Amino acid sequence: MITFGEYIKPKSIEEAYESFKLKKNATIIGGGCYIRLGNRRIGLAIDLCDAGLNYINETDDTIEIGAMTTFRELETNNLLASHFGTMISDSVKHIIGVQLRNIITIGATVFSKYGFSDPVTAFLALDAELVLYNGGEISLEEYLKEEDRRKDILEKIVLSKNIDKAVFQSMRNSQVDYAILNAAVSKKDNKIRIAVGARPRTATLAYEAMKYINSNEINEESAYRAGEIAAQELTFGSNTRGSAEYRKELCKVLVKRAIMEVSK
């Protein structure tokens, strides 16, 4: 059971951060889905639902996604679909059910670096930028490499619009289960970017595989070879959903499929 000493709903991210930095045991509440699964007492709960962070906006060159945007909004948004096809929708549509997707927020998922996250892998392949209230801009790629948890609030995720094509692939035991492994590939200016997640560790780029595929003509053979390289360079673990060996084999297949799809 979760209990709160204090509970507040600030009207802005500025107000939320001021409260957050002043109290050591303060906790930011996004959708709150995963917090509910534990047993703990939170001294100060700061609920961001009224802080104006639920939006998907377009600028000349980018799409900005507010941290309190729900998975369901990512799944159904026409603006995202017009620029990224079904890639983002595909990364969230299998998660539990519509009721839960109406609650889970992308900011909480990204900021927490959940290893099982599908959309984190998708955003990494899209070379997303994060805007933190105190820390400013940082690439998702660099943020995921940080070991320490920041005392900060994620304000928004920024995506470049000039993506040629992007694809999300995953394998799961059932439609609503967490992925055994996921992979996302984007193509921009004829350069391929490959991300693999649910290893079950945090999503990461397959740098050697990207170097290889971007130096060779894309065909069935080179796409599969890129998958093999990704499987060799990345680390996989075992859990109840699958073994490290199985994930390694899946990586070869999912990366190949995604590369072939973005190259069509």
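Quick notes
- Segment GLU6-ASN25, length gained on full extension (0.36 nm per residue, minus Cα span): 5.8 nm
- Fraction of the pair-distance distribution of region 1-116 above 17 Å, Cα-Cα pairs, percent: 59 percent
- Oblate is the label for region 56-160, because a/c, from the alpha-carbon gyration tensor with a ≥ b ≥ c as root eigenvalues, is 1.5 or above and a/b does not exceed b/c.
- Estimated from helices alone, the mean residue ellipticity of the chain at 222 nm is -9500 deg cm²/dmol (sum of -39500 (n - 2.57) over DSSP H runs with n ≥ 4, per residue).
- Net lengthening on full extension, GLN175/VAL253 (0.36 nm per residue, minus Cα-Cα): 26.2 nm
- Above-threshold pairs, the threshold being 22 Å between Cα atoms, out of LYS23/LYS151; LYS11/LYS145; LYS113/LYS161; LYS191/LYS248; LYS11/LYS113: LYS11/LYS145; LYS113/LYS161; LYS191/LYS248; LYS11/LYS113
- Applying both filters, DSSP loop and at most 16 other Cβ atoms within 10 Å, to the GluC sites (Glu not before Pro) of region 61-94 eliminates every site.
- Listed by chain and number, the aspartates and glutamates whose alpha-carbon sits under 15 Å from that of LYS165, ignoring those within fewer than 8 places in the same chain, are ASP90, ASP127, ASP189, GLU261.
- A crude spin-label estimate for the pair GLU14 and SER215, with each label 7 Å from Cα along the Cβ direction, gives 5.1 nm.
- Scalar couplings 3J(HN,Hα) for region 221-231, obtained by applying the Karplus form with A = 6.51, B = -1.76, C = 1.60 to θ = phi - 60°, are 5, 5, 5, 5, 4, 4, x, 5, 5, 4, 5 Hz; x denotes Gly and Pro.
Taken together, the values in this text are just the output of simple stated rules run on the coordinates, not laboratory data. Just so we're clear, the structure is a prediction, and the values are computed from it rather than from any experiment. Glycine also receives a Cβ, built like all others from the backbone with ideal geometry; neighbour counts cover every protein chain displayed.
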